[in-house]
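J.: Just dropping this structure here.
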Amino acid sequence: MNINTAQSSDHYLTRSDFLSFWHSRPTAEFVAADLISAIEDAAQRRCGLHWEIYEAVLLRGLRDKAASLPADHRLTFMQELGKRRIRIDEAAIAAAEEAERDVWDDIHADQV
């Protein structure tokens, strides 16, 4: 196997490009974006095709995770939520839960 890394190509990363990418990755144990993405994925699996259910499950999951984090990680987590324009205050969660209840009522009414 002959790999020539001396020449740069538009289609391939050179060895130095790869190493610079690898070393610029976050190395901390806590990466808020990854944690939020995992909670979003879990909420998606539980919601079916109903946005209201997804939103309520997501906001509750994010609130619970934020409450369980140490203070320095919680600050980073909340900053990442702010970048994504996600609010997990009581008013936002109450509105999402009310919409979720309405959807569940509609689902149950359709099943009868």
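The values are calculated or read from the model by the stated rules, or taken from the named source; none is laboratory data. Here the structure is a predicted model, which is why all the values come from computation and not from measurement. Cβ atoms come from the backbone with ideal geometry, glycine included; neighbour counts cover every protein chain shown.
J.: State which residue is nearest to ASP34 (Cα to Cα) when the search covers only the stretch 100-112 and only residues that are exposed (fewer than 15 other Cβ atoms within 10 Å of the Cβ) and of a type in the set (A, V, I, L, M).
T.: Going through the qualifying residues, I end up with ILE107.
J.: Right, here's the next one. SER16 - would you say it is outside any helix (DSSP H, G or I), modelled with pLDDT under 90 and either within 22 Å of the chain's Cα centre (by Cα) or more than 26 Å from ALA99 (Cβ to Cβ) (or both)?
T.: Considered against the rule, which asks whether it is outside any helix (DSSP H, G or I), modelled with pLDDT under 90 and either within 22 Å of the chain's Cα centre (by Cα) or more than 26 Å from ALA99 (Cβ to Cβ) (or both), SER16 comes out as no.
J.: Inside the stretch 62-80, can you point out the residues that are surrounded by fewer than 10 Cβ atoms within 10 Å (Cβ to Cβ) and among the hydrophobic types (A, V, I, L, M, F, W, C)?
T.: Result: ALA67, ALA71.
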